[in-house]
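To start, the structure itself, in structure tokens.
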Amino acid sequence: MRHVLSFPIRISARCVLSSVYTTPRRRAGASRARKREEREMFELDDAIVEELLFAMENQALDYMIAAETGAIAIMDDDALDSEFDSLEKGEDLLAPPTWTSADGFSLMDSFAAGVGDPVARNSLSAALSRGRGVFKAFKKALEEYEDIERRWFDYKHNAMAKRVADWYDQARVARGLERMGPEPDEADDLLLDDFSFRVVGREAWPECLPLFRRGLDEALSSFPEPLVEYEYTAIEREISEGGREGLVLSIAEAVGGAIAGIAAARKVFVADSSFGKLAYLYVAPEHRRMGLGRRLAEMARERLAKDGIPRFVVDMPFVPIGFGTSMTSFGYEPFGTRYIKTSD
């Protein structure tokens, strides 16, 4: 493997408390070399990223990273004694990016939840419910679905590569250097990593119907049936009256192919004026609490604004508690409210 060194030392990388390990001889000259060290950091190219990803997946591997070259320094007691000279001369080592089996399981779980094919999704979920051998079972289940397997490899690679990029930027900042990537926006980063977004018209509504019906079932489990039937009939009427050019759908699709959330907005014309109205918004429960609903609503509003409709009204039943507070923080103003009380 290129960029690999072996050092026969008897200290585990997991025991190093600092993110930068400096040898004793290095520390003796630290005051003279500090400015030079702050400027030196390897360039993270595709080849180094691939080598780091390979090392991260090997849970038995004990290694660190040479700060100036990006070489993987394997902490191996069986390495040749002569190679210890390289470390004695002052190899500046970084603790590697963290990646545990729990991280791997969480990644598989989030991917499986977003698979659009219900048969494949159930197969992957069954594999994840096993006690032992869960990783092999998940891999075996994926082999039955070539397209989903390809999506999984892309999803996994991108997630781990992002972990490496974040680690690299943190290491640069710790050494007094500027970040190579933009300042992180955790909410937006998460959405862009896990979902693809599109804004379309009425022609895409049929593919939204399964999630629409799922929202209906959820509402029926929480509210009186006559109320839910009345409101959902009204919502369907709103959508059908949007006109061929008047309906805007913003859709979030999980990396596995399932539609994770939808927002349906329509243009409303009154005399010589018009406004936009969010007629429907629903996010699958497994994808909530990450700002997806707000993102979808904003996408629909922005599309209508480009069409010359600046005013946008959000008026829907069955939205989660706290949704209004979230929208207020993004410049929306209260426009009435809804309450319900059931007598004994």
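The values are calculated or read from the model by the stated rules, or taken from the named source; none is laboratory data. Here the structure is a predicted model, which means the values were calculated and not measured. When we count neighbours, we look across all protein chains shown, and the Cβ atoms used for this are built from the backbone with ideal geometry, even at glycine.
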### Query
If a residue has to be touching a strand residue (DSSP E or B) at 6+ places or on another chain (Cβ under 9 Å) and more than 19 Å from residue 101 (Cα to Cα) to count, how many in region 124-166 make the cut?
4
### Message
Among the residues in region 249-256, are any among the β-branched types (Val, Ile, Thr), surrounded by 15 or more Cβ atoms within 10 Å (Cβ to Cβ) and either modelled with pLDDT of 90 or more or not assigned by TED's automatic domain parsing to the domain that holds residue 112 (or both)?
### Response
yes
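Conditions (1) out of contact with any strand residue (DSSP E or B) (no Cβ under 6 Å at 6 or more places or on another chain); (2) in the same structural domain as residue 110 (by TED's automatic domain parsing); (3) at pLDDT below 90, marked per residue:
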{"position": "271", "(1), (2), (3)": "yes, no, yes"}
{"position": "287", "(1), (2), (3)": "no, no, yes"}
{"position": "299", "(1), (2), (3)": "no, no, no"}
{"position": "303", "(1), (2), (3)": "no, no, no"}
{"position": "306", "(1), (2), (3)": "yes, no, no"}
{"position": "314", "(1), (2), (3)": "no, no, yes"}
{"position": "333", "(1), (2), (3)": "yes, no, yes"}
{"position": "339", "(1), (2), (3)": "yes, no, yes"}
{"position": "343", "(1), (2), (3)": "yes, no, yes"}
#### Entry: Single condition residue 229 does not satisfy, out of (1) within 26 Å of residue 294 (Cβ to Cβ); (2) at pLDDT 90 or above
(1)
## Note on the structure
Flagged in region 152-169 as more than 20 Å from residue 255 (Cα to Cα) and either among the hydroxyl-bearing types (Ser, Thr, Tyr) or exposed (fewer than 15 other Cβ atoms within 10 Å of the Cβ) (or both), in numbering order, are 168
#### Entry: Of all residues making up region 215-224, the number that are in contact with a helix residue (DSSP H, G or I) (Cβ under 9 Å, 6 or more places away or on another chain), in a helix (DSSP H, G or I) and not hydrophobic (A, V, I, L, M, F, W, C)
2
#### Entry: Hits in region 267-304 (condition: touching a residue at least 60 places away in the same chain (Cβ under 8 Å), among the small types (Gly, Ala, Ser) and surrounded by fewer than 20 Cβ atoms within 10 Å (Cβ to Cβ))
291
### Summary
Quick count over region 110-129, residues being surrounded by fewer than 15 Cβ atoms within 10 Å (Cβ to Cβ) and either more than 21 Å from residue 155 (Cβ to Cβ) or modelled with pLDDT of 90 or more (or both), is 4
### Query
What tally of residues in region 95-117 results from selecting those that are over 15 Å from the mean Cα position of the chain (by Cα) and in a helix (DSSP H, G or I)?
2
### Query
Before we move on, is residue 198 within 20 Å of the chain's Cα centre (by Cα), over 29 Å from residue 52 (Cα atoms) and part of a strand (DSSP E or B)?
yes
